[in-house]
Amino acid sequence: MHAPILVTGSAGLVGRALTRALRGLGRTVLFFDIAAPPGPDRGDVRDDQAVARAIAGCVGVVHLAAVSRVVWGERAPELCRATNEGGTRNVVAAALAAEPRPWLLFASSREVYGQADALPVREDAPLRPVNTYGRTKCMGENLLHDARSAGLATSVVRLSNVYGCPLDHQDRVVPAFVRAALQGDAPRVEGADHTFDFTHVDDTVRGLLATIAALDAGVRDLPALHLLTGAPTTLGELARISLDLAGAAVTPLLAPPRAYDVARFVGDPRLARAVLGWQAEISIHAGLSRLLTAMRAQLMP
């Protein structure tokens with residue numbers, strides 16, 4: 001019987017899917033999220049004592065909790081730093097102080113690279129974030145590196161534009177485009193040629209499960225890994241695919257990009273395949289089709 005796994009950020013897009021998958025595998029999962037209803041699952045990573053209580057007795061911690069949007073980090077940088085840097089510092093300190101020590105898996109982001117010089121981006125590319133959120137994720141990675149040096153079993157995975165659930169934030173680009181298409185509205189595209197690596201949440205969760213399995217098996221030298229597709233999609237293409245799938249005869253509204261956004265990112269997924277035996281399986285067309293079906297059922301029951 002495994003000791004429990006703590007998932008911080010358990011009420012978020014990835015957290016909901018991961019906790020469901022872990023429970024499906026018979027694992028005991030502890031939930032920890034400031035957005036959870038009042039009760040035992042509610043917790044704030046900025047509260048070091050609450051974090052320490054939650055981690056006690058766990059075999060592992062999946063640290064997803066964060067101010068998780070670039071735009072939120074720009075609007076509330078102090079909260080972003082307090083949550084993403086301070087919260088990760090609390091999680092690391094509690095894991096190091098626990099007896100026995102749990103392994104710690106940290107969800108980082110493609111934002112740590114900023115505007116990369118060349119695509120696809122490998123994990124050993126320079127980390128040069130251009131916004132508050134990206135800088136806090138870099139700090140989190142540094143904290144994990146120091147924790148490993150202090151003897152903690154750690155892993156860093158870098159995620160990229162995860163999508164796929166109708167309960168996701170409505171103003172995120174993928175659900176916003178799909179919802180607009182379903183309603184016959186023109187999606188607003190801020191930077192039509194901006195190019196990203198969109199990853200379906202089911203693929204992301206499979207990658208996290210593979211990482212957890214490695215940590216459970218005692219692997220202690222995992223490199224930072226991309227959990228992403230390696231396939232580029234421009235925002236203009238994303239809008240057109242969404243409209244085509246919905247059968248919406250409208251033209252996207254083109255607008256200039258935001259100053260703090262990275263213009264392009266595509267990651268190299270080969271290292272995760274070599275280390276974990278994992279690769280993304282869901283194409284952008286298939287993933288958008290799944291999401292559109294789920295959102296149509298939600299909007300038009």
How many nm is it between the label spots at ASP124 and ARG75, if each spot is 7 Å from the Cα in line with the beta carbon?
-> 4.0 nm
When the scattering of the stretch 170-235 is computed by the Debye formula from its Cα atoms alone, each counted once and equally, what is log10 I(q)/I(0) at q = 0.22, 0.25, 0.27, 0.28 Å⁻¹?
-> -0.97, -1.11, -1.18, -1.21
So, with points 7 Å from each Cα along the Cβ direction, the ASP117-ARG53 label distance in nm works out to 5.0 nm
Which value, in debye to the nearest 20, gives the size of the charge dipole of the stretch 1-149 about its Cα centre, when Lys and Arg are +1 and Asp and Glu are -1 at the Cβ?
-> 340 debye
Percent of all alpha-carbon pairs of the stretch 57-206 at distances over 24 Å, whole number, is 40 percent
Normalised contact order of the stretch 87-191, rounded percent, pairs of Cα under 8 Å and 6 or more residues apart = 28 percent
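Jot down the per residue volume, in cubic angstrom and as a whole number, of the convex hull over the alpha-carbon atoms of the chain. Don't skip to the answer; put the middle values down first.
On the way: hull volume 38.3 nm³, N = 301.
Residue-normalised Cα hull volume stands at 127 Å³.
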Dipole magnitude (debye, nearest 20) for the stretch 175-301, charges at Cβ of Lys, Arg, Asp, Glu = 140 debye
Using a Gaussian network for the chain with springs between C-alpha atoms less than 10 Å apart, which of these wobbles most: LEU119, LEU64, LEU288?
-> LEU119
Dipole in debye (nearest 20) - the chain, about Cα centre, beta carbon charges: Lys, Arg +1; Asp, Glu -1 | 320 debye
Taking placed amide H atoms and a strict 5 Å upper bound, the residues 5 or more places from SER108 or on another chain that come that close are VAL157, ARG158, LEU159
Could you give the alpha-carbon Rg of the stretch 204-269 over 2.2 N^0.38 Å, rounded to two decimals?
-> 1.67
Placed amide H near GLY191: partners under 5 Å, 5+ positions off or other chain | ALA255
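Each reported figure results from applying straightforward, stated rules to the coordinates on display, with no laboratory input. All figures in this text were calculated on a predicted structure; none of them were measured in a lab. FYI the Cβ positions are ideal-geometry reconstructions off the backbone, even for glycines, and counts take in every protein chain you see.
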